[in-house]
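The values are calculated or read from the model by the stated rules, or taken from the named source; none is laboratory data. As the structure is a prediction and not an experimental result, all values here were calculated from the model. Glycine gets a Cβ as well: all are built from the backbone with ideal geometry, and neighbour counts include every protein chain shown.
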Amino acid sequence: MKPPLLSIKGLTKVYPGVVANSDVSFDIGEGEVHALLGENGAGKSTLVKAIYGLIVPNEGVMEWRGVPYAPGAPSEARATGVAMVFQHFSLFDAMDVAENVALGMDNPPPIRELAAKITDVSHNYGLPLDPSRMVGDLSAGERQRVEIIRCLLQNPQLLIMDEPTSVLTPQEVEILFRTLRQLRGEGKSILYISHKLEEIRSLCENATVLRHGKVVGRADPRQESARSLAEMMVGQSLHTPSRPAAQPGKLLLEVQDLSVTSPSAFGTSLRKVSLAVRAGEVLGIGGVAGNGQDELLGALSGELRTTPESIRVAGEPVGALGPNARRALGLLCAPEERLGHAAAPDMSLTENALLTGAYRENLVRSGFIGWSKARDFAEKIILRFDVRTPGAHVAARALSGGNLQKFVIGREIMQRPSVLVVNQPTWGVDASAAAAIRQALLDLAQAGAAVVVISQDLDELMEVADNFAALNGGQLSAPRPVNGLTMDQIGLMLGGAEGGETDAAA
Amino acid sequence: MDLSSLNIVVLLASLMVAATPILMAAIGELVVEKAGVLNLGVEGMMITGAVSGFAIAVSTGNPLIGMVAAVIAGAALALIFAILTQGLMANQVASGLSLTLFGLGLSALVGQGFVGVVPPRTPKLDFGPLSDIPVLGQIFFRHDMLVYVSLLMVLAVWYFLTRTRAGRILRAVGENHHSAHALGYRVKRVRVLAILFGGGCAGLGGAYLSLVRVPQWTEGMTAGAGWIALAIVVFASWRPGRALLGAYLFGGIMVLQLNLQAAGFSIPVEYLSMSPYLVTILVLVIMSSNRARITLAAPGSLGQSFHAAG
């Protein structure tokens, strides 16, 4: 029998204090699309880094077509025929597409020849791309094309894709899958990493499931249900957040024709955004990253100022107020970036609790901090939101992503907001913590608050939101009730084609 | 006041000489910053180069050996910065500032025996008939070798950064060190090499100051030239051609104000002395008033320490 393309045997990688991979073994055949499934922190990324030569495993061997394979650097892996599309793109914003592609190759041809090749390959695989465009100006989907084309130009035998669809619209996912199937048709193998189960079921013929660095299962995803795969991944049965029907109350947050210029060179300015959220309502705002999400959160939190009338909280104009004044009125926000924006990485949880809770929780008296009160507040958050940490004195940086996210969201919820705005509340958070956060948001709405959830995860929005609106190029579509909305309609809304056209189709 | 004593040809010729040390330091720092490192120690490396170049040139009697020594001394000081910031992950701003202070002190100590000494003359290049062209010959073709070396350096750095693969890798490291690392480039190695190059350039610029432009040794003789070089890099939006422009602007105003002083221009000398700095900073502010453009041009990872994650 022909040996498999890549065979991994007993691979173990230990970091100080953490076993990232423990005795992992699996095979990838020629022309096979193999899924690597697991929650965040299950060790998927470490494993593919070993295959790509970015880290050297402590134990275990790999074989490439029966020959020992131990890459010491990515260039060796590329020479063997392994190419990788990273989850966080390894691109350079201030350089053009051709230069970015050249940087990912070991012996790139002169830029002009390369540009012609890029145009060529990108058309062959249905991924149109202009080689002279600046990467900073591209959408997330286009950026991913740069990564994929960079790989394809090296004619790889094995293509590794790390969470490729997390930033794509449903239509872009379709295009990507067409490309991947075309590649499989050409006899190339693909190692596909994801935690989106429906995708894996439609694309892959084999799956290896990782949990806490160990292989806990193998399956043919086409024979399994999404639920059974999920339970294999999590190791317990999943709890779906419940949402009792609520009667919308009075108007709490009203945004009228909000236009904000983005402070960042590669950001997206908001253009005439209008929305209204009532008490008890959850408004979900979808959209691919970089379409104005950060700017919208900044404008609502008070980091970016606007005209007073463009934002109203319970009728009160707040557009020109700073974050603390808005907090006083009950408008609280939890931004996307956990470390550095929502929390100060090197400060303790107590100090971080103080940072947004100082005024609403009366933690500061005539300029002096009430440390014991602040500690009590932090401990209450930790207890109520099941934050796994040795105590409130621990630095925010030391917490895992999911635990810190629970803390950051919990900190705002504990301050009894009348309006809460969250951006990517469960980004990079494991499934059970994500469920807990979503449940907390629903409970908050149930208790009479208006909640705005900005997220790229459409499944999440479908689960928690009453109404859905799409943010595209800094413009917000008209909100529509989630009930009865199909994925196709959402895709069109995300693409900016909402309105008459979709109404006619529906 | 006697403005007739200002000779525009002489002015332009000495402009090139006055701008050369700053241009050298700036072009070196430009490469360093393109690699994503902010080295605020330019002033310290310059003056270390000035004193070492001077000392070696005087003791060997050969200004060229002095220049080589200055390059080595500048690079040696830069190596300390490289070890601190790339090896020990120290803060770049603090390390650069202390490098400047260290360089100023060290040079004062080394230079104690050399105050008032006259260095060997650096020969002018002989361009034959070219030097005799009226006006142009006097402006462009009656300088020493290093003026032309500095211009070649601008050209070489431009070519390196925009046309070569190594230059592209260097820019990539400065633009996004995580991406560069993920693609398998040695971020730290690239940065250390860039820092050493920057140190060498600053050292050479310093030696030009003490051996050709002045020429003698006085304590603290760089008088902020290193800081101006740093400002010029930003003002030039990290482009070699514009750095040349910036350095010549500063040099030009420097020469002009010296001549105005000599001509007995009737405003206080202090105002004239501060004018080159003032004008350069003013131009810098105006040029960088468009924030979006500056953030576009600035290397994305400038000034950040790189930890390889996982």
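Just need a number here: residues in the range A:13-52 that are within 14 Å of chain B (Cβ to nearest Cβ) and on the phi > 0 side of the Ramachandran plot.
Within the range A:13-52, residues that are within 14 Å of chain B (Cβ to nearest Cβ) and on the phi > 0 side of the Ramachandran plot number 3.
Identify all residues within the range A:106-131 that are polar (S, T, N, Q) and assigned to a helix (DSSP H, G or I); write none if there are none.
Step one: filter the range A:106-131 for residues polar (S, T, N, Q), giving A:107, A:119, A:122, A:124.
The answer is A:THR119, A:SER122, A:ASN124.
Of everything in the range A:185-208, what is crowded, with 17+ Cβ neighbours inside 10 Å and either among the acidic types (Asp, Glu) or assigned to a helix (DSSP H, G or I) (or both)? Give them in sequence order.
The answer is A:LEU197, A:GLU199, A:ILE200, A:ARG201, A:LEU203.
The rows are residues; the columns are (1) among the hydrophobic types (A, V, I, L, M, F, W, C); (2) farther than 18 Å from A:GLN157 by Cβ; (3) not in a loop (DSSP other than H, G, I, E, B).
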{"site": "A:LYS2", "(1), (2), (3)": "no, no, no"}
{"site": "A:SER7", "(1), (2), (3)": "no, no, yes"}
{"site": "A:GLY10", "(1), (2), (3)": "no, yes, yes"}
{"site": "A:VAL24", "(1), (2), (3)": "yes, yes, yes"}
{"site": "A:GLU39", "(1), (2), (3)": "no, yes, no"}
{"site": "A:THR46", "(1), (2), (3)": "no, yes, yes"}
{"site": "A:ALA50", "(1), (2), (3)": "yes, no, yes"}
{"site": "A:ALA70", "(1), (2), (3)": "yes, no, no"}
{"site": "A:ARG78", "(1), (2), (3)": "no, no, yes"}
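With the structure loaded, tell me whether B:THR218 is of a type in the set (S, T, N, Q) and either within 14 Å of chain A (Cβ to nearest Cβ) or crowded, with 18+ Cβ neighbours inside 10 Å (or both) or whether it fails that test. Steps first, please.
On the way: of a type in the set (S, T, N, Q): yes; either within 14 Å of chain A (Cβ to nearest Cβ) or crowded, with 18+ Cβ neighbours inside 10 Å (or both): no.
So B:THR218 does not fit the description; no.
How many residues are away from chain A (no Cβ under 14 Å), of a type in the set (Lys, Arg) and assigned to a helix (DSSP H, G or I) when one looks only at the range B:136-187?
0
So which residues in the range B:119-146 are surrounded by 14 or more Cβ atoms within 10 Å (Cβ to Cβ), among the hydrophobic types (A, V, I, L, M, F, W, C) and closer than 24 Å to B:ILE8 by Cβ, if there are any at all? Please lay out each step first, then the result.
First pass over the range B:119-146, keeping only residues surrounded by 14 or more Cβ atoms within 10 Å (Cβ to Cβ): B:119-120, B:122, B:124-125, B:127, B:131, B:137-146.
Now narrow it down to the ones that are among the hydrophobic types (A, V, I, L, M, F, W, C): B:125, B:127, B:139-141, B:145-146.
Passing the criteria: B:LEU125, B:PHE127, B:ILE139, B:PHE140, B:PHE141, B:LEU146.
Across the range A:53-76, what is the number of residues that are surrounded by 21 or more Cβ atoms within 10 Å (Cβ to Cβ) and either farther than 21 Å from A:SER194 by Cα or more than 9 Å from every other protein chain (Cβ to nearest Cβ) (or both)? I'd like the intermediate steps shown before the answer.
Filtering the range A:53-76 down to residues surrounded by 21 or more Cβ atoms within 10 Å (Cβ to Cβ) leaves A:53-54, A:57, A:64, A:71, A:74.
The next check asks that each one be either farther than 21 Å from A:SER194 by Cα or more than 9 Å from every other protein chain (Cβ to nearest Cβ) (or both); those that pass are A:57, A:64, A:71, A:74.
The number of residues fulfilling the criteria is 4.
Condition test on A:LEU461, is it under 19 Å from the mean Cα position of the chain (by Cα), at pLDDT 90 or above and not charged (D, E, K, R)?
Values: under 19 Å from the mean Cα position of the chain (by Cα): yes; at pLDDT 90 or above: no; not charged (D, E, K, R): yes.
Considered against the rule, which asks whether it is under 19 Å from the mean Cα position of the chain (by Cα), at pLDDT 90 or above and not charged (D, E, K, R), A:LEU461 comes out as no.
Mind checking which residues of the range B:36-49 are crowded, with 24+ Cβ neighbours inside 10 Å, touching a Phe, Trp or Tyr at 6+ places or on another chain (Cβ under 9 Å) and of a type in the set (A, V, I, L, M)? Can you show your working first?
Just the residues of the range B:36-49 that are crowded, with 24+ Cβ neighbours inside 10 Å, to begin with: B:36-37, B:39, B:41-49.
This time we only want the ones that are touching a Phe, Trp or Tyr at 6+ places or on another chain (Cβ under 9 Å), so: B:36-37, B:39, B:41-45, B:48-49.
Scanning the range B:36-49 gives B:VAL37, B:VAL42, B:MET45.
Residues are listed down the side, and each one gets a yes or a no for (1) in contact (Cβ under 8 Å) with a residue 24 or more places away in the chain; (2) not in a loop (DSSP other than H, G, I, E, B):
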site: A:LYS373; (1), (2): no, yes
site: A:ALA378; (1), (2): yes, yes
site: A:ILE382; (1), (2): yes, yes
site: A:ARG388; (1), (2): no, no
site: A:HIS393; (1), (2): yes, no
site: A:GLU412; (1), (2): yes, yes
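So, in the range A:81-95, how many residues would count as being in contact with a Pro (Cβ under 7 Å, 6 or more places away or on another chain) and either part of a helix (DSSP H, G or I) or within 14 Å of another protein chain (Cβ to nearest Cβ) (or both)? Lay out the reasoning, then the answer.
At the first step, the residues of the range A:81-95 found to be in contact with a Pro (Cβ under 7 Å, 6 or more places away or on another chain) are A:81-83, A:85.
Checking the rest, the ones that are also either part of a helix (DSSP H, G or I) or within 14 Å of another protein chain (Cβ to nearest Cβ) (or both) come to A:82-83, A:85.
Within the range A:81-95, residues that are in contact with a Pro (Cβ under 7 Å, 6 or more places away or on another chain) and either part of a helix (DSSP H, G or I) or within 14 Å of another protein chain (Cβ to nearest Cβ) (or both) number 3.
Within the range B:114-145, work out how many residues are out of contact with any Ser or Thr (no Cβ under 7 Å at 6 or more places or on another chain) and farther than 14 Å from B:GLY53 by Cα.
The total comes to 20.
Here are some residues: A:ASN100, A:ASN124. Which one is of a type outside the set (Asp, Glu) and either within 9 Å of another protein chain (Cβ to nearest Cβ) or in contact with an Asp or Glu (Cβ under 8 Å, 6 or more places away or on another chain) (or both)?
Numbers: A:ASN124 fails: either within 9 Å of another protein chain (Cβ to nearest Cβ) or in contact with an Asp or Glu (Cβ under 8 Å, 6 or more places away or on another chain) (or both).
Testing whether each residue is of a type outside the set (Asp, Glu) and either within 9 Å of another protein chain (Cβ to nearest Cβ) or in contact with an Asp or Glu (Cβ under 8 Å, 6 or more places away or on another chain) (or both) leaves just A:ASN100.
Looking at the structure I just gave you, is A:ALA42 surrounded by 23 or more Cβ atoms within 10 Å (Cβ to Cβ), touching a Gly at 6+ places or on another chain (Cβ under 8 Å) and closer than 20 Å to A:MET161 by Cβ? Can you show your working first?
On the way: surrounded by 23 or more Cβ atoms within 10 Å (Cβ to Cβ): yes; touching a Gly at 6+ places or on another chain (Cβ under 8 Å): yes; closer than 20 Å to A:MET161 by Cβ: yes.
Yes, satisfied.
Looking at A:ARG397, is it within 24 Å of the chain's Cα centre (by Cα) and in contact (Cβ under 8 Å) with a residue 60 or more places away in the chain? Break it down stepwise before answering.
Working: within 24 Å of the chain's Cα centre (by Cα): yes; in contact (Cβ under 8 Å) with a residue 60 or more places away in the chain: no.
In short, no.
Filter the range B:50-67 for residues that are of a type outside the set (Val, Ile, Thr) and either touching a helix residue (DSSP H, G or I) at 6+ places or on another chain (Cβ under 7 Å) or surrounded by 24 or more Cβ atoms within 10 Å (Cβ to Cβ) (or both) and give the result.
Filtering the range B:50-67 down to residues of a type outside the set (Val, Ile, Thr) leaves B:50, B:52-55, B:57, B:59, B:61-64, B:66-67.
The answer is B:ALA50, B:SER52, B:GLY53, B:PHE54, B:ALA55, B:ALA57, B:PRO63, B:GLY66, B:MET67.
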